[in-house]
Amino acid sequence: MTSYFPLDIRLRVRAEYCQHESALQGNVFSNKQEAVERQFERFNQANTILKSRDLGSIICDIKFSELTYLDAFWRDYINGSLLEALKGVFITDSLKQAVGHEAIKLLVNVDEEDYQAGRRKLLRNLVASGGGGGALAGKDTTP
């Protein structure tokens with residue numbers, strides 16, 4: 001049974017370089033005399049280099065109106081199949097060309113608190129809409 005109150009779950013997807021050492025090595029230096037000034041200048045240079053290598057991220061709010069779909073999404077997230085499916089979508093040939101020979105990784109995040117809160121909300125909606133809770137509560141309601 002479909003709920004009348006759809007629920008948003010936030011999915012965060014981020015592509016990152018696996019190695020930053022090669023970009024930082026030889027590109028971060030300072031000729032300042034004071035140790036603190038030298039560290040600050042090197043930190044700022046490293047920070048600038050890392051920011052320039054930011055491949056970006058995407059935040060998706062996915063609407064769920066059925067508990068079974070939410071649970072299937074969560075299972076796919078936990079077992080890694082969601083990550084594998086998203087690699088094909090986000091790590092494209094054009095992205096690979098843009099980063100050259102450097103390895104990149106995809107990070108996928110869904111907060112468990114969001115999932116649990118959404119699950120509770122959908123269960124309440126299901127019960128309130130007359131869907132009952134017997135089978136969901138572990139009771140067999142078949143005649």
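The values are calculated or read from the model by the stated rules, or taken from the named source; none is laboratory data. Note that the structure is predicted; figures quoted are calculated from it, not measured. FYI the Cβ positions are ideal-geometry reconstructions off the backbone, even for glycines, and counts take in every protein chain you see. Remember, those area values only see protein heavy atoms, side chains included, never the ligands or the DNA or RNA. Shrake-Rupley method; radii C 1.70, N 1.55, O 1.52, S 1.80 Å.
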Quiz item: For residue 61, all conditions in the list (1) assigned to a helix (DSSP H, G or I); (2) out of contact with any helix residue (DSSP H, G or I) (no Cβ under 9 Å at 6 or more places or on another chain); (3) farther than 30 Å from residue 23 by Cβ hold save one; what is the number of the exception?
Solution: (1)
Quiz item: Assuming residue 33 fulfils every condition listed in (1) out of contact with any helix residue (DSSP H, G or I) (no Cβ under 9 Å at 6 or more places or on another chain); (2) open to solvent by less than 80 Å² (accessible area, probe 1.4 Å); (3) assigned to a loop (DSSP other than H, G, I, E, B) apart from one, which condition is it?
Solution: (2)
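For the range 49-58, does any single residue satisfy the condition of being among the aliphatic types (A, V, I, L, M), touching a helix residue (DSSP H, G or I) at 6+ places or on another chain (Cβ under 6 Å) and under 25 Å from residue 110 (Cα atoms)? Full working, then the answer.
The first filter runs over the range 49-58 and keeps only residues among the aliphatic types (A, V, I, L, M), leaving 49-50, 55, 58.
If we keep only those that are touching a helix residue (DSSP H, G or I) at 6+ places or on another chain (Cβ under 6 Å) as well, we get 49.
Retained after the next criterion (residues that are under 25 Å from residue 110 (Cα atoms)): none.
No, the range 49-58 contains no residue that is among the aliphatic types (A, V, I, L, M), touching a helix residue (DSSP H, G or I) at 6+ places or on another chain (Cβ under 6 Å) and under 25 Å from residue 110 (Cα atoms).
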Quiz item: Name the pairs: first residue in the range 32-48 and closer than 23 Å to residue 20 by Cα, second residue among the basic types (Lys, Arg) and modelled with pLDDT of 90 or more, Cβ to Cβ under 6 Å, at least 6 apart or on different chains?
Solution: 38/32; 41/32
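Quick check on this structure: which one of 107, 82 is within 17 Å of the chain's Cα centre (by Cα), at negative phi and in contact (Cβ under 8 Å) with a residue 60 or more places away in the chain? Walk me through it before giving the result.
Details: 82 fails: in contact (Cβ under 8 Å) with a residue 60 or more places away in the chain.
Of the residues listed, the single one that is within 17 Å of the chain's Cα centre (by Cα), at negative phi and in contact (Cβ under 8 Å) with a residue 60 or more places away in the chain is 107.
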Quiz item: Can you pull out the residues in the range 83-96 that are assigned to a helix (DSSP H, G or I) and out of contact with any Asp or Glu (no Cβ under 8 Å at 6 or more places or on another chain)?
Solution: 83, 84, 86, 87, 88, 89, 90, 93, 94, 95, 96
Practice problem: Could you tell me whether residue 13 is crowded, with 16+ Cβ neighbours inside 10 Å and in a loop (DSSP other than H, G, I, E, B)? | Solution: no
Practice problem: Output the residue which, of all residues in the range 55-83 that are charged (D, E, K, R) and in contact with a strand residue (DSSP E or B) (Cβ under 8 Å, 6 or more places away or on another chain), is nearest to residue 124 (Cα to Cα). | Solution: 63
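So which residues in the range 51-72 are open to solvent by 60 Å² or more (accessible area, probe 1.4 Å) and either modelled with pLDDT of 90 or more or in contact with an Asp or Glu (Cβ under 7 Å, 6 or more places away or on another chain) (or both), if there are any at all? I'd like the intermediate steps shown before the answer.
Step one: filter the range 51-72 for residues open to solvent by 60 Å² or more (accessible area, probe 1.4 Å), giving 51-52, 54, 57-59, 61, 63, 68-69.
57, 58, 59, 61, 63, 68, 69 - these are the residues of the range 51-72 that are open to solvent by 60 Å² or more (accessible area, probe 1.4 Å) and either modelled with pLDDT of 90 or more or in contact with an Asp or Glu (Cβ under 7 Å, 6 or more places away or on another chain) (or both).
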Quiz item: Can you pull out the residues in the range 46-58 that are part of a helix (DSSP H, G or I) and of a type in the set (Gly, Ala, Ser)?
Solution: 46, 52
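Give the number of residues within the range 97-124 that are in contact with a strand residue (DSSP E or B) (Cβ under 8 Å, 6 or more places away or on another chain) and either open to solvent by 60 Å² or more (accessible area, probe 1.4 Å) or outside any helix (DSSP H, G or I) (or both). Break it down into steps so the answer makes sense when it comes.
The initial filter retains those residues of the range 97-124 that are in contact with a strand residue (DSSP E or B) (Cβ under 8 Å, 6 or more places away or on another chain), namely 99, 102-111, 114-115, 118, 121-122.
Remaining after also requiring either open to solvent by 60 Å² or more (accessible area, probe 1.4 Å) or outside any helix (DSSP H, G or I) (or both): 102-111, 121.
Count: 11.
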